[in-house]
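Okay, so here's the structure we're looking at.
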Amino acid sequence: MPKVFFASDHAGFALKNALIEHVRTLGYEVEDLGAHTLESDDDYPDFMTPLAKRVAAEQDARGIIVGGSGQGEAMCANRVPGVRAAVFYGPRRVTAALDIEGGHSEDGFDSVRLPRKHNNANVLSIGARFISGDEADTAVRIFLETPFSDSPRHARRLAKF
């Protein structure tokens, strides 16, 4: 099982703490990289950049970052070479037009599943203002359990990053 790093700013603080407990019950080794106290004026790059560096440095590590929308947090993490952060801000059904490989599911969590399968995403960025705790639990479980497809096509594309 990969080691899982967590980080959040003030907007994701409560959800991050709940997710840490959830992931521990799944049997993963967890490390909380902050925020460790709720500070309404904190800045997400102060937490996302160290997490991204740790994920990039440790083979097979994964990161879960939680902020208001998850967008800025992912942008910050994706600036670190070796990090591939995907944003999740709620379940959405993938349309048939996007279901080229027949890998589409009806549960609405393909925005988590496909970045793992096709892009070997190693960081999941969650928008705490857009999802429930149950949705976050499901997204994180899917993110941690879904393997990279390692198909030649996807591996070739990743090599171009």
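None of the figures in this text is laboratory data; all of them are computed from the coordinates on show. Only a predicted model underlies this, so the values are computations on that prediction, with no experimental measurement involved. Note that each Cβ is placed from the backbone with ideal geometry, even for glycine, and that neighbours are counted across all protein chains shown.
With a 10 Å Cβ neighbour count serving as the proxy for reagent exposure, in which order, fewest first, do Tyr89, Tyr28 appear? Could the numbers behind the result be given before it?
Numbers: Tyr89 19, Tyr28 16.
In order of increasing Cβ crowding within 10 Å: Tyr28, Tyr89.
With everything on Cα atoms, drop me the angle between helix 45-57 and the longest principal axis of the chain, reported from 0 to 90° to the nearest 10.
Rounded to the nearest ten degrees, it is 50.
For the chain, calculate the relative contact order in percent as a whole number, restricting contacts to Cα pairs under 8 Å that are 6 or more residues apart. Mind showing how you got there, number by number?
Values: 306 pairs, mean separation 39.2, N = 161.
The normalised contact order for the chain reaches 24 percent.
Could you tell me what fraction of 2.2 N^0.38 Å the Cα radius of gyration of the chain comes to, as a two-decimal ratio?
Details: Rg = 14.9 Å, N = 161, 2.2 N^0.38 = 15.2 Å.
For the chain, the normalised Cα radius of gyration is 0.98.
If you line up the long axis of helix 110-119 against the longest principal axis of the chain, both from Cα atoms, how many degrees apart are they, to the nearest 10?
With both axes taken from Cα atoms, the answer is about 70 degrees.
How would Lys16, Lys3, Lys160 line up from fewest to most surrounding beta-carbon atoms within 10 angstrom?
Working: Lys16 25, Lys3 16, Lys160 5.
Ranked by crowding around the Cβ, least crowded first: Lys160, Lys3, Lys16.
For the range 1-64, what is one quarter of the convex hull surface built on the Cα atoms, given in nm²? Mind showing how you got there, number by number?
Numbers: hull surface 15.5 nm².
Averaged projected hull area, Cα only: 3.9 nm².
For a test of understanding, tell me how many lysine pairs in the chain have Cα atoms under 21 Å apart, given they are 8 or more places apart or on different chains. Intermediate results must be reported in sequence, preceding the final value.
Numbers: Lys3/Lys16; Lys3/Lys53; Lys3/Lys117; Lys16/Lys53; Lys53/Lys160; Lys117/Lys160.
Summing the qualifying lysine pairs gives 6.
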